[in-house]
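> Below: one structure in structure tokens.
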Amino acid sequence: MNGKYLLDTNIIISLFAKDPRIHNRIAKAVEVFIPCIALGELYFGACKSVKTQENTDRIDEFALNNTILSCNTETAKSYGKIKNQLKEKGQPIPENDIWIAAIAQQYVLTLVTDDVHFDAITGLKIEKW
């Protein structure tokens, strides 16, 4: 792979949990990016947690120290293609994950995830850490 990665939400959570496997792999990466959708999922988790402010502060700091990729028209085009492919296959996946995959494809990044449903997306580069 090209060493340029997009982190799925579950990988970021493992990073927050100080999983040494994740930290070691990230240390070897050329570039690491975060999809804005993953931040939304993290903030949602913080809002429903017992430690809302502490978790929100952690996400805020994480966002400041990483490159966040947002959605635009090109992302939307990729989203439409992916969603159509999944519909034709009869393999729906969560909406947020389609957006994350669209960002990965748009920027030609390898998506790092633990979720197997991304395997249904044709042409998506995936690594499971």
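Throughout, read-outs are computed from the coordinates displayed, never taken from laboratory work. This is a predicted model, so every value here is computed, not measured. All Cβ positions, glycine included, derive from the backbone under ideal geometry; neighbour counts span all protein chains shown.
> Please pick out the residue among ILE98, ILE82, ILE93 that is farther than 23 Å from VAL32 by Cα, among the aliphatic types (A, V, I, L, M) and surrounded by 18 or more Cβ atoms within 10 Å (Cβ to Cβ).
Being farther than 23 Å from VAL32 by Cα, among the aliphatic types (A, V, I, L, M) and surrounded by 18 or more Cβ atoms within 10 Å (Cβ to Cβ) holds for just one of ILE98, ILE82, ILE93, which is ILE93.
> If you check TYR43 against the conditions, is it in contact (Cβ under 8 Å) with a residue 12 or more places away in the chain, within 25 Å of LYS128 (Cα to Cα), surrounded by fewer than 18 Cβ atoms within 10 Å (Cβ to Cβ) and of a type in the set (Ser, Thr, Tyr)?
yes
> Pick from ASN55, ASN24: which is more than 24 Å from ALA101 (Cβ to Cβ) and crowded, with 17+ Cβ neighbours inside 10 Å?
Only one candidate passes the filter, namely ASN55.
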